[in-house]
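Here the structure comes first, spelled out in structure tokens, and everything after it is commentary.
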Amino acid sequence: MIGTMASQRPDPGDDPGEPDAGRRPVNRIAVNVMLDGGLAALSAPLARWLADPGGGLLHPLWFIAGGAITLVISSVPFRVQQQYWRFSGVDDLLGIAGASVASAVLFSLGLYVTGFSIPTPAFPFIHALVLLVLLGGVRVVYRLSCRHSTRRYPSVQVVLIGSDQSADLFIRAIERASHPAFRVAGIMTGGRRQTGRRIHGVPILGHVRTMDDILDRARGGSGWPDLLIVTDAEFRGEELARVLTSAEQRGLSVQRAPDLTDLTPAARLELRPIAIEELLNRPQIDLDQAGMAALLGGRTVLVTGAGGSIGSELARQIAGYAPGRLLLLDHGEFALWQIDLELSERAPDIRREAILADVRDHDRMEEVCALYRPELVFHAAALKHVPMVEANPCEGVLTNVIGTRVVADAAARNGALALVMVSTDKAVNPSSLMGASKRAAEMYCQALDVAARSGGGEAMRCVTVRFGNVLGSTGSVVPLFRRQLERGGPLTVTHPDMQRYFMTVSEAVGLVLQASVRGTIRDQAGSGTDTLLRNGGIFVLDMGKPVKIVDLARQMIRLAGLRPQVDVPIHFTGLRPGEKLFEELFHGREAPVATDHPGLRMATPRIVDSRAVGLVIDRLAVACHRGDAPAVLALIRGLVPEFAHNPTGDPHDTMAEPTDAERTMHS
């Protein structure tokens, strides 16, 4: 196949604009016919001599011509004449073998029909072998000579890191280039017993975990690489991080090859930097695609905060399940326009409505829900920047608490089947007003859900999903570091011990959809998960291990080909108002419980008085509209007793614990 496909590609020196450019393929086929015919003419007397050495090498011209003619005829069904010698491969060799056998048989039949006996019974077999050796051998020699000639051009010496299959594809891709940009000096794989073997003549140097020893042995020698190239798309996580560290210590750059196939043109071998997301050692989790399709397909789905990082990814993934209508709601005009434009290009067949609205506006949300009657609501709208909410407490509580109640109540009054609220790990033992406001929103949704499940019927379900940071989200640390790197540094980290949970946006949203499927299943009583759901349980995404922010900063500097604290400094600026050193996914009274899905856990519910929660939220709304920030803080502290406010950023500076009276509603 390689040879056949390659035969249709022009030589690097071809100029399509030349007058005879269109005739060149025909001319090359004619040259192939003449060369193969000449080799076949030589093979006939040579095979005759090998079969019967006493018969001599000189034969009549008709004998020689017969050998050439029979091969030309036999090679037509195997397309031997169309082969591109420079790219000859296994498929071409198989075609030559078939043509050789057919030619030998046809030649012997021709001798028999014309009354001439074959020299020996072994002659047809010897004739086929001679043809195979001559025709295949000349192609191998030509291909090797082309490979040798390309090595004379200056190129970057590289070592490949990845599986043997991906290394094979990469080497074959660069061999097809007339002037290859890379010269492969060695391969490091994940196989335990591959050391010393060769792929296309390139040695396998050893296991990637012995990279330090391999590079130390190669230092100063001809095998020292200019660049390390990761060829395997599945090579990521902690092993990739170790490679980056070893490479940085030796002044080497690491880049990733594009996804390769057997037919990848060498011209498309554009390397790209390693992305920070690839350092998260998170295995792929199988999602219930059928369940998501059944939940979302054909339904009217509303996404609030659709212009944000989570909301826009929710819209993208939901659009893939063919909803009947997708309602995109946001109060930011530009962000809403962006996601609406993107979906018009990616999913033009999906009915969409771009709705400018503020989730805090009761009348507007009631109007939207009454007009479109969404069946599913994904509530991602929130103010999530901790210092910003600290500086604007009334606005933060209005959006995160009052806005959540407005959306949930409007959806329930207009027949929604379920509301899925996106929460945050900052709601656990919050030290910031943002975290406490999200915990208050969780409590309201829990209270609604407990009432819906205990009452039975078709009341709206409320599913709450809690998770940590997502890489690359608006206002998060990764875009900040990238912007600081573009300016030459320094990178600013608040504290050397700061840790956070991280997950990619697409993975987080996929698990949110998975939780929505699991949380809206009806009539499934009996499992522990369903018991927790009936009592207001919260889904918590499995975030893996927390990551130190300073380590993340160092990795991003290394990925940019620079050295931490040498090329780019890291400055520690101190905790900001409301920040904690460590985030948590579960409160002390929320023992984690496994679910029937590996990416989801549940927090054991903390039962609250739904009537008391509603009354406090009413008072919060009045205080917020009045602009009374002290009253807002006092009410939030009474509603969320574990709220240890840290308004200055000093981890030891927290406000007093709430009084017994403030805890009354939780008793």
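The values are calculated or read from the model by the stated rules, or taken from the named source; none is laboratory data. Please read all numbers here as calculations on a predicted model, not as lab measurements. Methodologically, a virtual Cβ is constructed for each residue, glycine included, from the backbone with ideal geometry; neighbour enumeration extends over all protein chains shown.
Structure data summary
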quantity: Of residues in region 217-238 being surrounded by fewer than 17 Cβ atoms within 10 Å (Cβ to Cβ) and in a helix (DSSP H, G or I), the one farthest from the chain's Cα centre (by Cα); calculated: ARG217
quantity: From VAL465, VAL470, residue being modelled with pLDDT under 85, under 18 Å from ALA380 (Cβ atoms) and part of a strand (DSSP E or B); calculated: VAL470
quantity: Residue in region 418-428 that is over 33 Å from the mean Cα position of the chain (by Cα) and not in a helix (DSSP H, G or I) present; calculated: no
quantity: Number of the exception - GLU657 against (1) surrounded by fewer than 18 Cβ atoms within 10 Å (Cβ to Cβ); (2) modelled with pLDDT under 90; (3) more than 17 Å from VAL428 (Cα to Cα); calculated: (3)
quantity: Qualifying residue in region 306-318 (condition: surrounded by 15 or more Cβ atoms within 10 Å (Cβ to Cβ) and either farther than 19 Å from ALA381 by Cβ or among the aromatic types (Phe, Trp, Tyr) (or both)); calculated: no
quantity: Subset of region 164-216 (residues that are in a helix (DSSP H, G or I), in contact with a helix residue (DSSP H, G or I) (Cβ under 8 Å, 6 or more places away or on another chain) and either farther than 24 Å from SER145 by Cβ or without any contact (Cβ under 8 Å) to a residue 24 or more places away in the chain (or both)); calculated: VAL208, ARG209, MET211, ASP212, LEU215
quantity: Count of region 390-415 residues which are in a loop (DSSP other than H, G, I, E, B) and in contact (Cβ under 8 Å) with a residue 12 or more places away in the chain; calculated: 2
quantity: Region 282-333 - residue that is part of a loop (DSSP other than H, G, I, E, B), under 18 Å from the mean Cα position of the chain (by Cα) and of a type outside the set (Lys, Arg) and, of those, modelled with the highest pLDDT; calculated: GLY320
quantity: Residue list for region 495-522, restricted to those being among the β-branched types (Val, Ile, Thr) and assigned to a strand (DSSP E or B); calculated: THR504
quantity: Residue match in region 479-488 (condition: crowded, with 21+ Cβ neighbours inside 10 Å, at pLDDT 80 or above and farther than 21 Å from ARG439 by Cβ); calculated: yes
quantity: Residue in region 193-201 that is buried (at least 16 other Cβ atoms within 10 Å of the Cβ), within 25 Å of the chain's Cα centre (by Cα) and of a type in the set (A, V, I, L, M) present; calculated: no
quantity: Filter pass, THR504 being farther than 15 Å from ALA275 by Cα, hydroxyl-bearing (Ser, Thr, Tyr) and surrounded by fewer than 22 Cβ atoms within 10 Å (Cβ to Cβ); calculated: no
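Condition check ((1) under 23 Å from ASP358 (Cβ atoms); (2) charged (D, E, K, R); (3) crowded, with 24+ Cβ neighbours inside 10 Å; (4) touching a Gly at 6+ places or on another chain (Cβ under 9 Å)) across all residues:
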position	(1), (2), (3), (4)
THR404	yes, no, yes, no
VAL407	yes, no, yes, no
PRO430	no, no, yes, yes
GLY435	yes, no, yes, yes
ALA440	yes, no, yes, no
ASP449	no, yes, yes, yes
ALA452	no, no, no, no
